[in-house]
Amino acid sequence: MTDGQMLFAVFVLLYLHECLRLVPPTAWMAAGTSRTGWSAQRPWTRLQIAGGSPLLLSALPPMQAHALALPWVFVPEAAALRVRLTDEMTVFIAWDALALRVEESTLHLDEVTRVRLPSKALAELWRQRLGEWSGLTAEQRRSAFLKHARATLDTKAATKMALETARSTRALRALATVHCLWCFGVISVLYHRFGDSVVVFAALGVLLLLQFIQSWLFLRATRKSAAAIPHRRWRAVGIAFLPQLAMRAFDGVNLSTEAEPPHPLAWRGLMDEKRWLEAARKFWRETRYVPGWAQTEALPVEAEALERFFRHEDVAEAEYDPPPATTKLPTCPRCGAEYQSGVTACADCGGVELRQPAA
Ligand SMILES: [Zn+2]
């Protein structure tokens, strides 16, 4: 490997590192632009670092804007607080066992349980909110949760937030695309052809100029939200001199928001409708078909929030909870597995009752 190739490889690695984000394992990330449409990405949850999971932002040009969503992590149940750690794993913490403490963007709930939130401000918000909830009656907690659920399922606000993100970073992203192609494309070709020569130095000069412009654009785009961006001026200096920071300067504008992220289903209208419906069915199954669903009339509080939302959005029950395929076998309403006659509960879903076939 020549020195030039080595340098190129180092830059690619530095760039990919800059595209990595540590997010809550339950988070969803929408990537897109108002022109191309949006698609959802999920973090790689097999790996957990300090309560978060890595997510690779879309790295290839043309650069896309990103917006974060978070399903309901904290759900009040009668006897305990349910905490969603990953899509598959939840834990219960008794209300009087809560010992809330914030450390950067991590919220410690007791000695062993911790949840990484998208920002320190949000960790602080949840410390306060959970402290309040623990002092309420079960009924008051339920209505406090429903209020939170309604606020995070505002489709208009969620769409507006994502589009605003795309709008405010348009110039930064356009320049980042040019910068990325110049850095990894033009300069590599010139170096390959001319080696250490004036041409290559001139191309490096252009790269530096692009970075200075990027730094200025970054400062301009973050003027209003300066307080929410840690080390904003140092970051601008970094953007001016380090190519990998310059290429991802727009992330600093995008992902610095301290506002409460929406629920992923609030992206109706932003996401492709088919994908949205798949997600809606999944969230519904997981919140509705919990152990004990068949015996109780009352919906779990999350399912109640979703049912209200679907009604408000005019989504028919047959769409978000399609009738089971006709089968002569008992079926799990949560994961869809079929069992032999006589079995009554799904072992994979923690004892969810099976739907028995009509006689
Ligand atoms: Zn199941």
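The values are calculated or read from the model by the stated rules, or taken from the named source; none is laboratory data. As the structure is a computational prediction, the values presented were derived from the model and not from experiment. Neighbour counts are summed over all protein chains in view; Cβ atoms, including those assigned to glycine, are modelled from backbone coordinates with ideal geometry.
The set of residues in the range 58-86 that are over 21 Å from HIS263 (Cβ atoms) and out of contact with any Ser or Thr (no Cβ under 6 Å at 6 or more places or on another chain) comprises SER58, ALA59, LEU60, ALA78, ALA79, ALA80.
Restricting the range 281-293 to residues that are away from the ligand (no atom under 12 Å from the Cβ) and under 15 Å from ASP87 (Cβ atoms), the residue that is modelled with the lowest pLDDT is THR287. Among the residues making up the range 270-293, those that are touching a residue at least 24 places away in the same chain (Cβ under 8 Å), closer than 19 Å to ALA27 by Cα and either surrounded by fewer than 17 Cβ atoms within 10 Å (Cβ to Cβ) or not aromatic (Phe, Trp, Tyr) (or both) are LEU270, MET271, ASP272, ARG275, LEU277, ALA279, ALA280, ARG281, ARG285, GLU286. Cβ separations smaller than 6 Å between residues 6+ apart or across chains give the following pairs from the range 96-112 residues that are under 14 Å from LEU122 (Cβ atoms) to residues that are among the small types (Gly, Ala, Ser) and buried (at least 17 other Cβ atoms within 10 Å of the Cβ): VAL102/ALA123; SER105/SER119; SER105/ALA123; THR106/GLY51; LEU107/ALA123. Among the polar types (S, T, N, Q) and modelled with pLDDT of 90 or more, is that true of GLN48? No: the conditions fail for GLN48.
Of all residues in the range 310-339, those that are out of contact with any helix residue (DSSP H, G or I) (no Cβ under 9 Å at 6 or more places or on another chain), among the small types (Gly, Ala, Ser) and either assigned to a strand (DSSP E or B) or more than 9 Å from the ligand (Cβ to nearest atom) (or both) total 2.
Among the criteria (1) touching a strand residue (DSSP E or B) at 6+ places or on another chain (Cβ under 9 Å); (2) surrounded by 14 or more Cβ atoms within 10 Å (Cβ to Cβ); (3) in a loop (DSSP other than H, G, I, E, B), the one GLU302 does not fulfil is (3).
For the range 232-252: of the residues being surrounded by fewer than 22 Cβ atoms within 10 Å (Cβ to Cβ) and either of a type in the set (Val, Ile, Thr) or within 30 Å of HIS148 (Cβ to Cβ) (or both), which is modelled with the lowest pLDDT? Looking at residues that are surrounded by fewer than 22 Cβ atoms within 10 Å (Cβ to Cβ) and either of a type in the set (Val, Ile, Thr) or within 30 Å of HIS148 (Cβ to Cβ) (or both), I get ASP251. GLU307 versus (1) of a type in the set (Asp, Glu); (2) part of a loop (DSSP other than H, G, I, E, B); (3) surrounded by 15 or more Cβ atoms within 10 Å (Cβ to Cβ): which is the lone unmet condition? Result: GLU307 fails condition (2) only.
Taken together, the residues in the range 345-359 that are within 18 Å of ARG281 (Cβ to Cβ) and more than 8 Å from the ligand (Cβ to nearest atom) amount to 1. A single entry from SER215, SER225, SER188 fulfils the requirement of being farther than 30 Å from ASP3 by Cβ and not charged (D, E, K, R): SER225. Pull up the range 214-231, narrow it to residues that are assigned to a helix (DSSP H, G or I) and surrounded by fewer than 18 Cβ atoms within 10 Å (Cβ to Cβ), then point me to the one that is modelled with the highest pLDDT. Only one residue tops the list, namely TRP216. Criterion applied to ARG35, ARG21, ARG84 was being within 18 Å of the chain's Cα centre (by Cα), among the basic types (Lys, Arg) and either loosely packed, with under 13 Cβ neighbours inside 10 Å or not assigned by TED's automatic domain parsing to the domain that holds ARG142 (or both), and the one residue passing it is ARG21.
When GLY342 is tested against (1) within 16 Å of the ligand (Cβ to nearest atom); (2) modelled with pLDDT under 90, exactly one condition is not met: (1).
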